[in-house]
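The structure appears right after this line, and notes come after that.
The values are calculated or read from the model by the stated rules, or taken from the named source; none is laboratory data. Not measured: the values here are computed from a predicted model. Glycine also receives a Cβ, built like all others from the backbone with ideal geometry; neighbour counts cover every protein chain displayed.
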Amino acid sequence: MTDNTSAALRIEHVVKRFGDFTALNDVSLAIEKGELVCFLGPSGCGKTTLLRIIAGLEVQTSGTILQDGRDISRLPPMMRDYGIVFQSYALFPNLTIYDNVAYGLVNRRLPKAQVRARVAELLTLIGLADSGAKYPGQLSGGQQQRIALARALATSPGLLLLDEPLSALDAQVRVRLRGEIRLLQQRLGVTTILVTHDQEEALSMADRVVVMNQGLIEQVGTPREIYSAPASAFVADFVGKTNMLAAVVGDDSELEIGGMQLHTNGTPVNFRSGAPVTVFLRPEDVVVSGAEHPAPDSFAGRIENIEFLGALCRLGIRVDGIATQLVIADFSPRDMEAFHIERGRPVRVSLPSSSIRIFPRNA
Amino acid sequence: MSAVLSPVATPRAITQRVHWTERIGHLLLLAMGAVLGIALFAPIFMIMAKSVEDTDGNFVGLAHFAAYFETPALAQSIWNSVWVSGLVMLITVPAAFTFAYALTRSCMRFKTLLRNIALIPLLAPSLLSAISFIYWFGNQGAFKSWMGETQIYGARGIVLSLVYATFPHALMILITALSLTDARLYEAADSMGTRTLRKFFTITLPAAKYGLISAAMVVFTYAISDFGVPKVIGGSFNVMATDIFKLVIGQQDFAKGAVVGIMLLVPVFITYIVDLLVQRRQMAQLTSRSVPYSPKRARAFDAAMAAFCWLIAALMLAVLGMAVWASFVKLWPYDLSLSLNHYRMGLVEAGILDAYVNSIKMALWCATGGTVFVFVCAYLLEKTRGLDWVRPVLRMFAVLPMGVPGLVLGLGFIFFFNHPANPLNGIYHTMAILVISTVVHYYSSSHLTALTALKQIDNEFEAVSASLKVPFFKTFFVVTVPVCLPAILEISRYFFVNAMTTISAVVFLYSPDTMLAAIAILNLDEAGEIGPATAMATLIVLTSSAACFLYYLLNRFLEVKTQAWRKPAAQA
């Protein structure tokens, strides 16, 4: 919060209460020009409420919203500057694609020829140049959502709001449209907020991800930061697959996991001795080696199940001394063959201390 | 930094500025609330007030109620009303259920035809059936001998006539209820080898349970508040509805009339609340994933169902047919040759045809003005924002009329609009008051039709419009109205037909200049001019049918015209 002027959108101390329920609890955030920011979180975390407050469709209980330095906190939606796309597309069913896209332009009393040129330009941009005369019902879901995008962009708004735009679509269409929206957004350089509960969507599209939980922002960061350096236990668990192992901090900063001891090798552990913590480790960071040549600091275990996921295999390993849960490790199918991995095979597991993250645990 | 700057005390919640376009919506909403307040709440309030004050306006507590219960004849009417309505309910609901079951669960033929025949009673005033039964079984009736020592006049006639009149109301509710069942439940039952009877009691009946309760409530309410039937065929058998009329019009005893009005309001309001609760549950039952049931052929079952339906249809046609035929008969029962005498002499030359013209005028006003009011109000309630304190009140106003018998509403209108201190008393005895009372009386069903249609369209149209800087009223005209046109037409048709056939609310409010067709029937019948009465009833049925047919054509035309976007080609 050093530079107050450059942000395209600045949210300051926004609180939203519905009766006794606090949907947003003092949320502050700055979004830069041309950025695509994802609001990511489970349902009920407040991400859609925040988007609707930015759009003026809900009114915050307190707090300020600045767009390009202008206070828009109390402006009705009609007087704000944004385009919006909803999960349901919200295309006008009785109007042609052309009329849908032109809807906001016609209202500005632009010359007809100019409207026509702009609609043609937008339809070409989204790859549906020939569909102008059709009705929304005659297009597929993915096509309809692209029309909704074109309609929202038609008036060249300073801000584009996308409310779970891909959630109603088939998995394959979703992945394709993900790329298309991102490309379009970068080409036009329009500041964009995307609300989603799909972490893959957030990680693959966003410049920055805002992870939200229970009305609070848990972390703001690039997709890489969010994934590899989660700021809280919630983020680590919500984004990506994770091993979560209950541990207790020992005297020499080592971690006691079940009956095992994990040396942290100099990695600072900012907890006092005896503190209950949770150790997080991504499955791809777990190192599995053969039982014949035990690596130092590794634990003995046995492969209990193998989940085939296509590009990789996920092993569930029962580590001696950790009775309550399996340690999950990812393996490429090629390595599977090289290591002769099969159920019941004894292995050694090491948890590299450079990859683990430690968060306090409510004992 | 920010922690220091932010104030410690929680400030008042932020309010958004209101755009001028939204202000237009708010003003409209307030105006509509005021109209409903004046035309619904105020009259009902006046009834309550009248029932506890004497002729000089002094508060007398429950004295009128006490006097009422000490009049044995009046107290007897309560019991009469209740058991007659209960009996009608017990006959109509099972019969209508069987009919609806046949329409939805059998493969019999001519379903549409049978359904349309069963809906005929909706096209006529309820007293048509009473007149017809008099022709069949009355003192000079075709089958008087069937009655033996007894008479059709009285409870028997009332029950028969009301069963006829209420049948289609129950039928429509039950068809909807039975259509809701999920076919997959039956498939699951079949896969477990469930017997037919068990399926009926474990799947069909529970699914239709709320529909059954709802139908029972609607039938009971209709029967207890109907006025035309007991007036025509009731003879000396008194019910609350006829008591009100006698007290108010005959004896000008407004206070006692108000007391009976409240006594009538109570059971109707109770059933209305039950119905409201039940409907809420039924809504929750509906899931978008349900698979519609399609019946399989079963020769014996289909034949039995068809036989039952044709029997009902034949009875329906016999009732209507007798009235129509009688309207052409020269002099019942002595000269059965056909003529147009009742129309020519009984209506045209007697100057009663004006009433028919008035009815059409009023029906057209309701079908246009009423429809616009209902739809705009439902739209503003459902799709716009702001003015949150008005909305719950208006929502209540919109569903309240269903719980108020027409007679009670009409009585309230007298009390309120005829009050010398009311600046609005200029509209008393005008066409306007007839239109307003009819629109209010039939408000709830129309409102629910509008609401259902509005709920089906995307909730974010207004949000998208606002983001595109398009005022909501433009989107209303360009998108909402075209998309909801079928529902709007249905509301308009409903208003037209009901305005043609209604008696209860308007019977207190017409003047010689604004006499309506349905009321003319009542007056003709009372004067013993039963021939012209049937002629007028026939005219009403004809007009309602023609209107329904026109609306049907309009709808078909619309369907073809909007096919491009309503019925999309196979999805790409």
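Summary of values
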{"quantity": "Residues (modelled with pLDDT of 95 or more and among the hydrophobic types (A, V, I, L, M, F, W, C)) located in the range B:488-503", "calculated": "B:ILE488, B:LEU489, B:ILE491, B:PHE495, B:PHE496, B:VAL497, B:ALA499, B:MET500"}
{"quantity": "Extreme residue, farthest from the other protein chains (Cβ to nearest Cβ), among residues of the range A:68-88 that are of a type in the set (A, V, I, L, M) and outside any strand (DSSP E or B)", "calculated": "A:ILE72"}
{"quantity": "Answer from B:ILE540, B:ILE491, B:ILE519 - the residue that is more than 19 Å from B:LEU127 (Cβ to Cβ) and either touching a residue at least 12 places away in the same chain (Cβ under 8 Å) or touching a Cys at 6+ places or on another chain (Cβ under 6 Å) (or both)", "calculated": "B:ILE491"}
{"quantity": "Those residues of the range A:131-143 which are within 12 Å of chain B (Cβ to nearest Cβ) and over 19 Å from A:LEU183 (Cβ atoms), in sequence order", "calculated": "A:SER131, A:ALA133, A:LYS134, A:TYR135, A:PRO136, A:GLY137, A:GLN138, A:LEU139, A:SER140, A:GLY141"}
{"quantity": "Tabulated pairs, the range B:431-450, first over 25 Å from B:PHE415 (Cα atoms), second assigned to a helix (DSSP H, G or I) and of a type in the set (Asp, Glu), C-beta under 7 angstrom, 6+ apart or interchain", "calculated": "B:THR449/B:GLU490"}
{"quantity": "Unmet criterion (only one of (1) within 20 Å of B:VAL260 (Cβ to Cβ); (2) under 27 Å from the mean Cα position of the chain (by Cα)) for B:GLU53", "calculated": "(2)"}
{"quantity": "Some residue of the range B:487-503 being over 22 Å from B:GLU559 (Cβ atoms), within 14 Å of another protein chain (Cβ to nearest Cβ) and of a type outside the set (Phe, Trp, Tyr)", "calculated": "no"}
{"quantity": "Hits in the range B:52-66 (condition: out of contact with any Lys or Arg (no Cβ under 7 Å at 6 or more places or on another chain) and either in contact (Cβ under 8 Å) with a residue 60 or more places away in the chain or polar (S, T, N, Q) (or both))", "calculated": "B:GLU53, B:ASP54, B:THR55, B:ASN58, B:PHE65"}
{"quantity": "Any helices (runs of 4 or more DSSP H) falling wholly within the range B:467-572 and containing at least 1 residues that are in the same structural domain as B:ALA453 (by TED's automatic domain parsing) and closer than 16 Å to B:GLY228 by Cβ", "calculated": "B:481-501, B:517-526, B:530-561"}
{"quantity": "Candidate set: the range A:89-103, residues that are farther than 11 Å from A:LEU122 by Cβ and assigned to a helix (DSSP H, G or I); chosen: the one nearest to the other protein chains (Cβ to nearest Cβ)", "calculated": "A:TYR103"}
{"quantity": "Residue in the range A:56-67 that is more than 13 Å from chain B (Cβ to nearest Cβ) and part of a loop (DSSP other than H, G, I, E, B) present", "calculated": "no"}
{"quantity": "One residue from A:ASP207, A:ASP170 being among the acidic types (Asp, Glu), under 13 Å from the mean Cα position of the chain (by Cα) and surrounded by fewer than 19 Cβ atoms within 10 Å (Cβ to Cβ)", "calculated": "A:ASP207"}
{"quantity": "Any hit, the range A:343-355, residues being of a type outside the set (A, V, I, L, M), assigned to a loop (DSSP other than H, G, I, E, B), without any contact (Cβ under 8 Å) to a residue 24 or more places away in the chain and over 23 Å from A:ALA229 (Cβ atoms)", "calculated": "no"}
{"quantity": "Qualifying residue in the range A:216-236 (condition: crowded, with 22+ Cβ neighbours inside 10 Å, hydrophobic (A, V, I, L, M, F, W, C) and over 15 Å from the mean Cα position of the chain (by Cα))", "calculated": "no"}
{"quantity": "Matching residues in the range A:151-177 - criterion: being over 23 Å from B:SER467 (Cα atoms) and either within 10 Å of chain B (Cβ to nearest Cβ) or among the basic types (Lys, Arg) (or both)", "calculated": "A:ARG174, A:ARG176"}
{"quantity": "A:ALA148 vs. criteria within 12 Å of chain B (Cβ to nearest Cβ) and part of a helix (DSSP H, G or I)", "calculated": "yes"}
{"quantity": "Residue pairs meeting the criteria (Cβ under 9 Å; at least 6 apart or on separate chains; first outside any helix (DSSP H, G or I), in the range B:397-420; second among the aromatic types (Phe, Trp, Tyr))", "calculated": "B:VAL404/B:PHE269; B:VAL404/B:TYR272; B:PRO405/B:PHE227; B:ASN418/B:TYR428"}
{"quantity": "Residue count, the range A:277-327 (criterion: more than 26 Å from A:TYR227 (Cα to Cα) and in contact with a helix residue (DSSP H, G or I) (Cβ under 7 Å, 6 or more places away or on another chain))", "calculated": "0"}
{"quantity": "Candidate set from the range B:421-440 (those that are at pLDDT below 90 and in a helix (DSSP H, G or I)); member that is surrounded by the most Cβ atoms within 10 Å (Cβ to Cβ)", "calculated": "B:ILE427"}
{"quantity": "Residue that is farthest from B:LYS469 (Cα to Cα), among those in the range A:106-126 that are within 13 Å of another protein chain (Cβ to nearest Cβ) and either outside any helix (DSSP H, G or I) or acidic (Asp, Glu) (or both)", "calculated": "A:LEU110"}
{"quantity": "Sole residue being in a helix (DSSP H, G or I) and either surrounded by fewer than 21 Cβ atoms within 10 Å (Cβ to Cβ) or in the same structural domain as B:GLU526 (by TED's automatic domain parsing) (or both), chosen from B:THR194, B:THR176, B:THR166, B:THR150", "calculated": "B:THR176"}
{"quantity": "Selection from the range A:27-73 of residues that are surrounded by 22 or more Cβ atoms within 10 Å (Cβ to Cβ) and small (Gly, Ala, Ser)", "calculated": "A:GLY41, A:GLY46, A:GLY56"}
{"quantity": "Cβ pairs under 6 Å, 6+ apart, first in the range B:454-476 and closer than 13 Å to A:GLY83 by Cα and facing chain A (nearest Cβ under 9 Å), second assigned to a loop (DSSP other than H, G, I, E, B) and hydroxyl-bearing (Ser, Thr, Tyr)", "calculated": "B:SER467/A:TYR82"}
{"quantity": "Answer residue from the range A:74-102, given it is closer than 12 Å to A:GLY137 by Cβ and aliphatic (A, V, I, L, M) and is surrounded by the fewest Cβ atoms within 10 Å (Cβ to Cβ) among those", "calculated": "A:LEU95"}
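This table checks each residue for (1) touching a residue at least 60 places away in the same chain (Cβ under 8 Å); (2) over 33 Å from the mean Cα position of the chain (by Cα); (3) exposed (fewer than 14 other Cβ atoms within 10 Å of the Cβ).
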site	(1), (2), (3)
A:THR242	no, no, no
A:VAL248	no, no, no
A:THR264	yes, no, no
A:VAL286	yes, no, no
A:GLY290	no, yes, no
A:HIS293	no, yes, yes
A:CYS313	no, no, no
A:VAL319	yes, no, no
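Each row is one residue, and each column tells you yes or no for (1) under 30 Å from B:ASP388 (Cα atoms); (2) in contact with a helix residue (DSSP H, G or I) (Cβ under 6 Å, 6 or more places away or on another chain); (3) touching a residue at least 60 places away in the same chain (Cβ under 8 Å).
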{"site": "A:GLY34", "(1), (2), (3)": "no, no, yes"}
{"site": "A:VAL37", "(1), (2), (3)": "no, no, yes"}
{"site": "A:LEU51", "(1), (2), (3)": "yes, no, yes"}
{"site": "A:GLN60", "(1), (2), (3)": "yes, yes, no"}
{"site": "A:ALA90", "(1), (2), (3)": "yes, yes, no"}
{"site": "A:LEU105", "(1), (2), (3)": "no, yes, no"}
{"site": "A:PRO111", "(1), (2), (3)": "no, no, no"}
{"site": "A:GLY127", "(1), (2), (3)": "no, no, no"}
